[in-house]
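> Here you go, one structure.
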Amino acid sequence: MRRTFALVIAAALLLVPSAPLNAHHAFGAEFDPNAPLRLQGKVVKLEWVNPHTWIHLEHVNQAGAKEVWMVEGGTPNTLLRRGLKRESLAYGTEIIVDGYQTKDHSLKRANGRNITFADGRKIFMGSSGTGAPRDGRDPTEPPTPPAAKKPPGGALIQ
Amino acid sequence: MPIHRASFSALAGLVLLATANHAAAQAPARATAARPASTLPRTPDGRPDLQGNWSNATMTPLERAAGQARALTREQAAALEKGRADVKESGDRAIDPNRPPPPKGGDGSTGAAGNVGGYNYFFIDAGDHVAFVNGEFRSSIIVSPANGRLPALTPAARAWAQQRAARNRGFGQYDNPENRPLAERCLMSFGSNAGPPMIPNAFYNNNYTIVQTKDHVMIMTEMVHDVRTIRMGRPTPTSTDVRPWMGVSWGRWEGDTLVVETSNVHPLQVLSQSVFLNAAFGATDSLRVTERFHLTRPNVILYRFTVNDPLNFTAPWSGELPMIRMDEQIYEYACHEGNYALSNILSGARAMERDSSAVKKPNPKE
């Protein structure tokens, strides 16, 4: 099942023939493609830090034991700019994560390939911007038609 | 599932645009006239006032896709921007809460996602629009050579790239933090954000603060809070042994254009987003970068640059893109303190080494 980020990266590679290899890090160096997992549980801690956010959730494993897992997301700066902050995701919110565990299996850490609420909605939603022309657009030019704008910050606060 | 259809439709659109022959593309009919210089904001000493927060995020790539013209038509630009918007929109949609774990062996994603899929698109902010410069929707940042592509590397640069690749085979690249890329170590921005030249990355935080005095210009790059201090005036010689991050920069005014000349760039700094160059060694002794900052409107800087590095490239290359003023905050990118990723990568390599040696190690009881 293809994932959105994979599509975004693929699209970025098409649009950017020389896309950067050196993003903060290569995910393939950190996470194990042979260790897929699905986690479900309540948020117990948020690390709203650079270079990556880390969401901690309490997951109950197949043996019935509670485990706290850390899930890696992107920079919080982007979310802040969209009006989102740490308080946008309340502790105790039940979330579902699918991703891959770190290559060091002694660590309970994974990438947040998909992070959703228990009903499948995305925790945060993307935004086409806050209205400021900070993306290369000449602000005096008439806009090209795309995309309906969402209100800044699609955060769902529970 | 609808999300996949939408995503693949968007992707298919992008594929078509990226691969179609755009030789017939024409520049928009209406050229953009810059505002009269007399109406632009100025500092007390009469120079154009470049101070403030700026972004150079753009969908326009550094290098041009094969077959494209320098200028995209308005319709082509609109289609590209719609493709980006569709991908974002599909990324926002709800998905199956009963979804299984992703496939064992990886999900097939490529690039920085590295077959494990990265993270949701809401963390990405790579620009929503095609760069618009001098009345043209641009297909590449590079404008010279005329094909919009980086010139060929020299044989020496190719040899360095091979040496580096050989050194990085196996666990060598994970032996210690010093073998990891600068961005992963939180030492320098992604790609060439800070530059020079300052080129946006395809992920996020392509933001800058400029502070200007009569004697100095400071450029702070949000990713990763890299600060360039440009001295104004006649350059004094700097020993080639001195190679700071972002080099040694001197500025001067040519009319209303700030011209910055840089040399002595740190040898570990890469010069572009180029996949191939990132495998090369980085800045050489011969590197000279010339940048031109021209305020065309109160909210737009036309940023132009030329890279001359005869040890790495067989020809100079030049690019241009707009920097757009932001009415938003620049945030701290405190990268070191929370950098779990680097330790995860190194400990992951150690775990794999242990697994590998456990397999090869002879059993003493045998």
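The values are calculated or read from the model by the stated rules, or taken from the named source; none is laboratory data. This structure is a prediction, so every number in the text was calculated from the model and none was measured. When we count neighbours, we look across all protein chains shown, and the Cβ atoms used for this are built from the backbone with ideal geometry, even at glycine.
> Run residue B:148 past the list (1) on the phi > 0 side of the Ramachandran plot; (2) facing chain A (nearest Cβ under 7 Å); (3) surrounded by 16 or more Cβ atoms within 10 Å (Cβ to Cβ) and report the number of the one that doesn't hold.
Status for residue B:148: all satisfied but (2).
> Does any residue of the stretch A:80-93 turn out to be within 8 Å of chain B (Cβ to nearest Cβ), hydrophobic (A, V, I, L, M, F, W, C), outside any loop (DSSP other than H, G, I, E, B) and more than 20 Å from residue A:114 (Cβ to Cβ)?
Within the stretch A:80-93, one or more residues are within 8 Å of chain B (Cβ to nearest Cβ), hydrophobic (A, V, I, L, M, F, W, C), outside any loop (DSSP other than H, G, I, E, B) and more than 20 Å from residue A:114 (Cβ to Cβ).
> What number of residues within the stretch A:7-51 satisfy the criterion of being modelled with pLDDT of 50 or more and not basic (Lys, Arg)?
26
> Within the stretch B:189-211, which residues are more than 21 Å from residue B:63 (Cβ to Cβ) and crowded, with 22+ Cβ neighbours inside 10 Å?
B:205, B:207, B:208
> Hey, does the stretch B:231-247 have a residue that's assigned to a helix (DSSP H, G or I) and either surrounded by fewer than 24 Cβ atoms within 10 Å (Cβ to Cβ) or β-branched (Val, Ile, Thr) (or both)? Reasoning before the result, please.
Start the filter on the stretch B:231-247 by keeping residues that are assigned to a helix (DSSP H, G or I), which leaves none.
No, the stretch B:231-247 has no match at all.
> Which one of the conditions (1) in a loop (DSSP other than H, G, I, E, B); (2) buried (at least 24 other Cβ atoms within 10 Å of the Cβ); (3) in contact (Cβ under 8 Å) with a residue 24 or more places away in the chain does residue B:118 fail to meet, given that it meets all the rest?
(3)
> In the stretch B:211-227, what residues are within 19 Å of residue B:329 (Cα to Cα) and of a type outside the set (A, V, I, L, M)?
Passing the criteria: B:212, B:221, B:222, B:225, B:226.
> I'd like to check something: does the stretch B:317-338 contain any residue that is away from every other protein chain (no Cβ under 11 Å) and either of a type in the set (Gly, Ala, Ser) or over 18 Å from the mean Cα position of the chain (by Cα) (or both)?
Checked against the condition, which is being away from every other protein chain (no Cβ under 11 Å) and either of a type in the set (Gly, Ala, Ser) or over 18 Å from the mean Cα position of the chain (by Cα) (or both), the stretch B:317-338 yields at least one hit.
> It is to be established whether one or more residues within the stretch B:337-345 are in contact with a Phe, Trp or Tyr (Cβ under 7 Å, 6 or more places away or on another chain) and either closer than 30 Å to residue A:101 by Cβ or at pLDDT below 95 (or both). Step through it out loud before you land on a result.
Taking the stretch B:337-345 as the starting set, the residues that turn out to be in contact with a Phe, Trp or Tyr (Cβ under 7 Å, 6 or more places away or on another chain) are B:340, B:345.
If we keep only those that are either closer than 30 Å to residue A:101 by Cβ or at pLDDT below 95 (or both) as well, we get B:340, B:345.
The answer is yes; a qualifying residue exists.
> While we're on this one: If a residue must be closer than 23 Å to residue B:326 by Cα and without any contact (Cβ under 8 Å) to a residue 60 or more places away in the chain, how many such residues does the stretch B:124-179 contain?
0
> Considering only residues of the stretch B:169-184 that are within 11 Å of chain A (Cβ to nearest Cβ) and over 18 Å from residue B:335 (Cβ atoms), which is surrounded by the fewest Cβ atoms within 10 Å (Cβ to Cβ)?
Pass one, the stretch B:169-184, residues within 11 Å of chain A (Cβ to nearest Cβ): B:173-174, B:180-184.
So of that shortlist, the ones also over 18 Å from residue B:335 (Cβ atoms) come out as B:173-174.
Working: B:173: 17, B:174: 20.
Per the criteria, the residue is B:173.
> Can you pull out every residue in the stretch B:194-222 that is among the charged types (D, E, K, R) and away from chain A (no Cβ under 14 Å)?
Correct list: B:214, B:215.
> Also: Filter the stretch B:259-315 down to residues that are at pLDDT below 85, closer than 18 Å to residue B:148 by Cα and outside any loop (DSSP other than H, G, I, E, B), then give me how many there are.
Count: 3.
> Only one of B:78, B:94 is in a helix (DSSP H, G or I), without any contact (Cβ under 8 Å) to a residue 24 or more places away in the chain and at the interface with chain A (Cβ under 7 Å from one of its Cβ atoms); which? Talk me through it step by step, then tell me what you get.
Details: B:94 fails: in a helix (DSSP H, G or I).
From the options B:78, B:94, the qualifying one is B:78.
> Here's something else I'd like to know. Could you look through the stretch B:47-68, keep only residues that are buried (at least 20 other Cβ atoms within 10 Å of the Cβ) and more than 20 Å from the chain's Cα centre (by Cα), and pick out the one that is modelled with the lowest pLDDT?
Only one residue fits best here, namely B:68.
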